[in-house]
Structure formats: C-alpha cells, structure tokens
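These notes concern the structure reproduced below.
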Amino acid sequence: MTIVCATRFSEESTSAVAVAAELAQRRAQALSLVHVLPAGALSSWGDFLDAAATNALENEAKALLARGIKVETALLHGKLEHALHAYCSEKSARLLVVGDTAKKVGPVFAGTLDRLAYLLATPLLVVRDARPFRAWVKGKAPLKVMLALDSTSSAAVARDWISRLAEYGDLDLVAAQIWWPIEEYERRGVPLAPSEEGHAELSKSMRTELEAALGRLPANVKHRVHLEIGVRRVAEHLMELANEEQADLMVLGAHRRRALGRLWSVSHHALALAPMSVACIPSTVAVANLATVPAFHTALVPTDFSEAGNRAVTCALGVVGNGTVHVVHVSPEPFSSSLETLLLQRLADVLPAEADWGGARIEVHVLHGHVVKEVVRATEALGGDIVCLGVPSEDTSGVIVSDLLRLSRKPVLVTTVAQP
C-alpha cells in the first residue's frame, strides 16, 4: 500500500512530508510525493511552472531516498481535489497526508480541506503539528487520539480504522460520543426518562456497548470512553474535550454534505477550527485488517416457541463458538412468578441437547413488553454482539423483522424454516 503526500512546498507542507515519511519508513511502505498545478492556468508559463515543480519534487525526494525511504514523485494537473482523488484511487492509497490548508470560510462555504474530505475515498490526514507524530513513530510516546463516535456507519468505519493507525505505534485513545436523550430513546424505541438522573441506565448501556466495540482494538491501544449529553453543537463539545485531553489527533468519519448540511457537519467544523491534526475517514473505506473483523461472542435469540424461533438457537450456537447464547421469550403482558417459572421451563425444554452446545453457554430469560423494543433493550443490556431471529420462510418481510432491522444497532441474522 502507498502513502500519498500532497505538497505545496510551504512550511506547513514540510510538516506533512515529514509525517508521511516517518509513517512510510516505520512500515516499509511506498511514499508518493505529489504536487498539483491547476490545468490551463498561466498557460504561457506552463513549461516553466512544470519544470520548477518537478525540480522541487525531485529535491525533496532525494533527501528521503537518502534515508532509505522508497519514494516516487508525480506532478498532477487539474482541480486539486479531483486530481488527488484520481491519483489516490490509481495507487490504491492507504492514506493521503496534507499540511493545514484550512481557511476560515464560515459555517456553510467549503474550503480546500472540506472539498478533499467530501470527494476522497481515501483516509485524509491533515497535519497541524508534526512533533507528536515523530515522537510516536519512534516509540518515545503514544499518540493521543480522540475518536468522535455516533450511531452512524461512518463512525463505525472510523473506529475500525484505529486498528490501522495502531500499526505504526501505541495509541492513547479517548472515544467520545455526544448524545441527545430524545433522539437516542426514540431510536431505541424505549420511553423517555423523566429527568436527567433517569438517563443513567441508558448511559450505562451505551457505555457498555462502546467498551465492547473498542475491546476488539489491538492491545497497543489504551482506550477509555467519554459520554456527554449534548447541549450545543457536537463540534463544540468535541473541540472542548479534545483541548482538555491535549489530543494530538482527532479522528472522525466523513459525511458527504453540501451547502446547508455543513451547518451540522462535525468534520467541516473540525477541519476549520481544530488546533490539533485531524483524520477524516470516508465511510467507503474498507479496513482490511483481521483485527476489525467482527467477532460474535454473545448472541441473543428471541423465540415465540415456534419451530422457526427454536431452530434459531442452533444457528446462534454456530455463530458464537465458545461464547454465550441468551434465549429470550417476550410476553406482551406482565406475568406472575409462577408463570415466569413455567415460561423459563418451556425455554429450557426447547434447547438442543447439552452435548450439542459445544463450548458455548446458554442462558434463558423471560421479559414482558413490546417484542422488538425488549429484544433491542436486552441485546444492549446483555452485551450481545448479534441477534439471531428465526422466522417462517414465507414471513421474512414481516413487521417484527423489519422493525428489528430498523432499530437494532447490532447485526441481525434472520434464519428461516419452511412450514409444512
């Protein structure tokens, strides 16, 4: 894989080149040093500008080659973001490194960095201070990273990208999520707590979920979670926390937003305002690293005692290996202790023979309430990694399936069984 570094031959670009070179040397990766000239600009000076830029690129490359870094140069022409996008795609670039080219362009209008973050399919690292990176790559200190999280897929990709970043050295990671109670309760399909104190249970569940997700990161990533209820723009919360933590790097998922969408874009404000370096990770990035492949240790299986529901237990056993399977029955009405005992026994009776469990452990639970909402709540409360749902083969488009797919933050495995 190649690291691409775009340079303007400025002081800020010098810092970017230094970081890109250190990263490339650390992992014995190829480095492409590029400069972009606008197409058709100053056409009478075109040959002169091309020659001057080529000479400057070669001079920078010579210094890097002398250090044993495999480096190539490329002079590109055209609109900056389009030229870099095409080049990074051609090279299957692992990372694009640039200096801080941000300009205070206001909450709506896009600057150079915004346009790069919008168009690129390659992770973008904006270097604002090279010193922490140099110390980190040399093993002198961990890199202090703040990861911005939310419930979107782009945030999950950014989280997984941390594994790739950790290949270069130890990380001290703060995973921060700013959340709004009304939005989170509605998304989970549970009643809103009457007061801020009442949010403690949901906050605990969210923390458990984040810890479980971060637990799959490499061993050299020391991490902790910060949850905060939002009272102003997310970017303002994150910036304040990043400054308190003295973060060297802020990592966030990049959303493709235009015009007024930038009023709410965290990446837009971070690129314009953050004093530390920023990494924007596009949601299209495929993090090809085994450390980020989901591992399903705990599964939740809801059953209504039908054949399809009961058969899902065996699928869950195959998914978790030596993990835990929680088998749940949700009653729409409250039940007495005697009925609970009866229902628990019915659950125990539908389990496969213990000899077929392999190394797994099975626990049974009886709940009451709305089926989908209780399944989602139980999955989060029990630390489930996946939900295994059995349905008759002719009922895969049913309400329960669609509602569960809409509300669950965890993967849902739908298994079918043909009815006679």
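Nothing in this text is a laboratory measurement; each read-out follows from the coordinates by a stated rule. For clarity, every value in this text was computed on a predicted model and none was experimentally measured. Note: ideal-geometry Cβ built from the backbone for every residue, glycine included; neighbour counts use all protein chains shown.
Using only the alpha-carbon atoms, how far is helix 200-214 inclined from the longest principal axis of the chain? Give it as 0 to 90 degrees, nearest 10. For 200-214 against the chain, the angle is about 60 degrees. Where only DSSP H runs of four or more residues are counted, the chain gives -12000 deg cm²/dmol as its mean residue ellipticity at 222 nm, each run worth -39500 (n - 2.57). If you run the Gaussian network model on the chain, springs between alpha carbon atoms under 10 Å, then out of 180, 161, 136 the most flexible one is 180. Using C-alpha pairs below 8 Å separated by at least 6 residues, the relative contact order for the chain is 14 percent. When all alpha carbon pairs of the range 294-417 are counted in 5 Å bins from zero, the resulting P(r) reads 2, 12, 23, 25, 22, 12, 4, 0 %.
Mean projected area of the convex hull spanned by the Cα atoms of the range 1-99, taken over all viewing directions: 5.8 nm². Shown for the chain: lysine pairs separated by 8 or more places, or found on different chains, whose C-alpha atoms are under 20 Å apart, numbering 11. Ranked by the mean number of other Cβ atoms within 10 Å per residue, highest first, peptides 406-414, 380-388 order as 380-388, 406-414. Helix 153-165 axis versus longest C-alpha principal axis of the chain: approximately 60°, rounded to the nearest ten. For the range 132-291, the equivalent ellipsoid built from the Cα gyration tensor has semi-axes of 26, 19, 16 Å, listed from largest to smallest. Compactness of the range 166-250 was expressed as the Cα radius of gyration divided by 2.2 N^0.38 Å, which yields 1.23. For the chain, the extents of the C-alpha atoms along the principal axes are 88, 46, 44 Å, listed from largest to smallest. Site pair residue 346 and residue 409 shows an inter-label distance of 3.2 nm when each label is modelled 7 Å from Cα along Cα→Cβ.
Please report the antiparallel percentage of DSSP beta bridges with both residues in the chain, rounded to the nearest 5.
Once the DSSP bridges in the chain are tallied, antiparallel ones form about 5 percent.
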